[in-house]
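**Q** Sharing a structure, written as structure tokens. Questions coming.
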Amino acid sequence: MTTNSTVLITGASSGIGATYAERFARRGHDLVLVARDKARLDALASRLHEDSGVAVEVRQADLTEPADLAALETRLRDDARIGILINNAGMAQSGGFAQQTAESIQRLITLNTTALTRLAAAVAPRFVQSGAGSIVNIGSVVGFAPEFGMSIYGATKAFVLFLSQGLNLELSPKGVYVQAVLPAATRTEIWERAGIDVNTLTDVMEVGELVDAALVGFDRRELVTIPPLHVAGRWDALDGARQGLLSDIRQAHAAERYRPQA
Ligand code: NAP
């Protein structure tokens, strides 16, 4: 597969996804842009085609709709030109846990986890077969931070990190690159869509800086890229502590402190 394989980007109509589209177009990749807002996708596609000369296709899809998701899975399975999947479409949570409705929970989990997993699963067998391909999953530092009070959103992003770590172990020996990108607060529409004024937040990263940093990690074939994490050793320490904990799990017997008192 050439380095200029086609890139399929979900959630490409705004924010991080639209910026990835711009950056990959500049690198000379053809694009498939996916989101619900076709007019915005069309406008972005024309601009990128004019500026960079790449072929840009627009696919209107609501990834919470079973038929739209299934059609995109078919495309990822069948189109051998697609060599990079940017699993970016996502939404944040409005309100706390007690304010959620069954419908809002369903939509959030379906978009942030089910759709992302199914798209990765659709493309993975083909990538494994060809021994090449990249899957980039957009998580969030909120996945480390139950303290932020966005419990369902954070749980979906913890899922994205775990899934990426697992996929890396399963797929990288077969030549497939998997990256989890974990932004912190970044200036995009996600805040407004969740009813939060981004201007009330301090220390917000501009979206171009975030995506450029994520692409540095991508080019280095890094598994976990956390652009706002200034001390890289913090991640290594966390992962080392996790492996230390695993080494002390001895499953044949309960730990001493859980033995019933005679
Ligand atoms: P954004 O500007 O709101 O972009 C979200 C994108 O997802 C849009 O293109 C939107 O397009 C698409 N989308 C939303 N619902 C969809 C659906 N049902 N089906 C298909 N596409 C849908 O926000 P963003 O910040 O760029 O978010 C991108 C990713 O970054 C998300 O996974 C988010 O969780 C993650 N992230 C963002 C931040 C941040 O502070 N901005 C921090 C950490 C992680 P349409 O409305 O046209 O469908």
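The values are calculated or read from the model by the stated rules, or taken from the named source; none is laboratory data. Just so we're clear, the structure is a prediction, and the values are computed from it rather than from any experiment. Virtual Cβ from ideal backbone geometry, glycine too; neighbours counted across all protein chains shown. Side chains are part of the model used for accessible areas, which takes the heavy atoms of the whole protein and leaves out ligands, DNA and RNA. Shrake-Rupley method; radii C 1.70, N 1.55, O 1.52, S 1.80 Å.
**Q** Quick one: how many residues across the range 143-166 are open to solvent by less than 30 Å² (accessible area, probe 1.4 Å) and in contact (Cβ under 8 Å) with a residue 24 or more places away in the chain?
**A** Within the range 143-166, residues that are open to solvent by less than 30 Å² (accessible area, probe 1.4 Å) and in contact (Cβ under 8 Å) with a residue 24 or more places away in the chain number 8.
**Q** Hey, any hits in the range 107-128 for a residue that's assigned to a helix (DSSP H, G or I), more than 20 Å from LEU69 (Cβ to Cβ) and more than 19 Å from the chain's Cα centre (by Cα)? Step through it out loud before you land on a result.
**A** The first filter runs over the range 107-128 and keeps only residues assigned to a helix (DSSP H, G or I), leaving 107-128.
Applying the additional criterion that residues be more than 20 Å from LEU69 (Cβ to Cβ) yields 128.
Narrowing further to those that are more than 19 Å from the chain's Cα centre (by Cα): 128.
Checked the range 107-128: at least one residue is assigned to a helix (DSSP H, G or I), more than 20 Å from LEU69 (Cβ to Cβ) and more than 19 Å from the chain's Cα centre (by Cα).
**Q** Right, here's the next one. Tally time: how many residues in the range 11-28 are open to solvent by 10 Å² or more (accessible area, probe 1.4 Å), in contact with a Ser or Thr (Cβ under 8 Å, 6 or more places away or on another chain) and more than 8 Å from the ligand (Cβ to nearest atom)?
**A** Filtering the range 11-28 down to residues open to solvent by 10 Å² or more (accessible area, probe 1.4 Å) leaves 11, 13-16, 18-19, 22-23, 26-28.
Pick out the ones that are also in contact with a Ser or Thr (Cβ under 8 Å, 6 or more places away or on another chain) and you get 14-16, 26, 28.
From what's left, more than 8 Å from the ligand (Cβ to nearest atom): 26, 28.
Of the residues in the range 11-28, 2 are open to solvent by 10 Å² or more (accessible area, probe 1.4 Å), in contact with a Ser or Thr (Cβ under 8 Å, 6 or more places away or on another chain) and more than 8 Å from the ligand (Cβ to nearest atom).
Okay, residues lined up against (1) within 15 Å of the ligand (Cβ to nearest atom); (2) charged (D, E, K, R):
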| position | (1), (2) |
| --- | --- |
| ALA80 | no, no |
| LEU85 | yes, no |
| GLY90 | yes, no |
| GLY95 | no, no |
| ALA98 | no, no |
| LEU116 | yes, no |
| ARG126 | no, yes |
| GLN129 | no, no |
| GLY133 | no, no |
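**Q** From (1) in a loop (DSSP other than H, G, I, E, B); (2) open to solvent by 70 Å² or more (accessible area, probe 1.4 Å), pick out the condition that doesn't hold for LEU229.
**A** (2)
**Q** Output the qualifying pairs, or none if there are none: Cβ atoms under 6 angstrom, residues six or more apart or on different chains, first residue in the range 64-79 and surrounded by 15 or more Cβ atoms within 10 Å (Cβ to Cβ), second residue in a loop (DSSP other than H, G, I, E, B).
**A** Going by the 6 Å Cβ cut-off, the qualifying pairs are ASP68/ALA61; ASP68/ASP62; LEU69/LEU63; LEU72/ALA61.
**Q** Look through LEU31, LEU44, LEU8, LEU48 and report the one residue that is open to solvent by less than 30 Å² (accessible area, probe 1.4 Å), modelled with pLDDT of 95 or more and either in contact with a Cys (Cβ under 8 Å, 6 or more places away or on another chain) or more than 21 Å from LEU63 (Cβ to Cβ) (or both).
**A** The conditions single out LEU48.
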